[in-house]
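One structure is given here, and the rest of the page talks about it.
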Amino acid sequence: MELSMSGGALRTFTRCVTCLARVGSDLVLQAHPAKLELHTLNSSRSAYASISLARDFFDEFSLSAAAAADSAPSSTPLQCSVLLKSVLSVLRTPTAALDRIAASLPNPDAPKLQLTLHCLNGVKKTYWIACSAESEVQTLALDRSNFSSRLAIRPRDLARLLSNFQSSLQELTVIATDPAAGLSNVGVDGEIEGKAVELRSYIDPTKDDCDTRLHTQLWIDPTEEFVEYVHSGDPVDVTFGVKELKAFLTFCEGCEVDILLFFQKAGEPVLLVPKFGLDNGSSSDFDATLVLATMLVSQLTDSSVAQQPTTSAQRAEEPRVAATPPPVPENVSNHTKIWSELSGSAPKSFEVNREKYTQKERNANSNALNDTSMLHSVNARYKPPVADNANDTMQPMQMDHLEEPPDVVSDIPRSQHHPSNWVGADEDDDDDEDEELFVQTTPHYMD
């Protein structure tokens, strides 16, 4: 196999390799008489990407006689497997500094793939990349007519919608409903009028990572955001990976083509292909395919239906009842649900507020107990005035702290061992006060 490319084909080939490197780690090249196919598969076997480059894409494309015979439709095509990171290392040279790139594979059993870079300044760089013995990547073909639903969207619009979600989001759920159904039509006060498609971040309930606790939902009007939308019948949902979706989005945006997404139901694969326009790619010299596995469990549960905004008809049918405060659940979620502008208000968790309120009550009770114990200790030392039988005189009573107003319970507790909490702590001052408490008897008036 001998091939070479230059000009705009260099930039497209670089985008192809970069897109495939974000999906898998191995690159399988299959040479057919009329095209060259690039395949990759991720480690979890949940994403498969394939890019086909037509013969007209290259400046030169030829197969040897033996390779052409082996590449006949009835036989296996010429194939080799290399590491994508090795190819990316070769393509580190900017395409603006390259004149052309040539690739050579002498025979199907060749141990290495040769890549030659011809620079504009006359420098020639030759790289040899080792080929793997056997490749685990297999060709996957899906019939587009088997999918009942599809949507087409511009890459920049899809990137804007995905910017509402966390960058660390791993799975995304797409829920499609029939635009003609009455469930999505709302009156004047409605929040989801005409919004037949919902994008929802998938949260794995088995994970405890705090980043996955943020839940975002977007209700989308297909007439405003999509180039094409086809779905009829009952609502369906598919949940798939976001990493591979973003890689395909970047590739289509660089090639200036729209994204066409085919889906059917939960558990069935999702197919993404470029939408080239009216000619359906007949005049294009390349094509791409991304197949994503979806989760078997559907997200269309009762809890998800409860989160949908109620329509005007549903609110009219509901009986009017007196507003009562909602009960406080025992096991309340600790995460806050963040909603988009299209979804309405966000119910926030009140677990933190309840803990603060409980802590304040506990502190107030503790302070009140400290002050009560302090008063009891003071009163225990007070003795009522008793009469001295011998002298029939009243013993003076110590008045320390008795005439002071009662302490106000505050947030700062007072120690019971403070000297001011004990009677007789300031004996010198009490002596002076005792002398002032004695009143001299008025002498009898003597004529």
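For Leu98, the residues 5 or more places off, or on other chains, whose built amide H falls under 5 Å of its own are Leu120. Put Glu224, Glu60, Glu198 in order of accessible area, highest first, and with a 1.4 Å probe you get Glu224, Glu60, Glu198. Between Leu296 and Lys207, what FRET efficiency comes out of the Förster formula 1/(1 + (r/R0)^6) with R0 = 25 Å and r the beta carbon distance, rounded to 0.05? The value I calculate is 0.90. Here Ser89 and Asp285 are evaluated by their C-beta separation; at R0 = 22 Å the FRET efficiency comes out at 0.25. The figure for Ser148 is an accessible area of roughly 80 square angstrom, using a 1.4 Å probe on the protein chains alone. Accessible surface of Lys207, taken over heavy atoms with a 1.4 Å probe and every protein chain present, rounds to 90 Å². Each listed q (0.12, 0.14, 0.23, 0.24 Å⁻¹) maps to a log10 I(q)/I(0) for region 1-64, found by the Debye formula over equal Cα scatterers with no solvent: -0.31, -0.42, -0.96, -1.02.
Between the alpha-carbon centers of region 254-273 and region 94-146, tell me the distance in whole angstrom. Their Cα centres are 27 Å away from one another. Taking all protein chains together and a 1.4 Å probe, the residues Trp128, Trp219 rank Trp128, Trp219 from largest to smallest accessible area.
Multiplying the residue separation of Ala159 and Leu214 by 0.36 nm and removing their Cα-Cα distance gives an extension gain of 17.9 nm.
Spin-label pair Ala97-Asp59: with each label point 7 Å from Cα along the Cα-Cβ axis, the two points sit 1.9 nm from one another. Net charge in the neighbourhood of Leu84 (other residues with Cβ under 10 Å of its Cβ; Lys, Arg +1, Asp, Glu -1) is +1. Spin-label model, Ala181 to Ser167: label points 7 Å out along the Cα-to-beta-carbon direction sit 3.6 nm apart. Among the listed pairs Lys246/Lys275; Lys35/Lys124; Lys35/Lys246, those with a Cα-Cα distance over 20 Å are Lys35/Lys124; Lys35/Lys246.
Between Ala141 and Ser6, the modelled labels are 3.5 nm apart [label points 7 Å from Cα along Cα→Cβ]. If the chain linking Val230 and Trp128 were pulled fully straight, counting 0.36 nm for each residue of separation and taking away their Cα-Cα distance, it would gain 31.9 nm.
The values are calculated or read from the model by the stated rules, or taken from the named source; none is laboratory data. It should be emphasised that the depicted structure is a prediction, and the values quoted were computed from it without experimental measurement. Reconstructed Cβ throughout: ideal geometry from the backbone, glycine too, with neighbour counts over all protein chains shown. Ligands, DNA and RNA are excluded from the accessible area calculation, which covers all protein heavy atoms including side chains. Shrake-Rupley method; radii C 1.70, N 1.55, O 1.52, S 1.80 Å.
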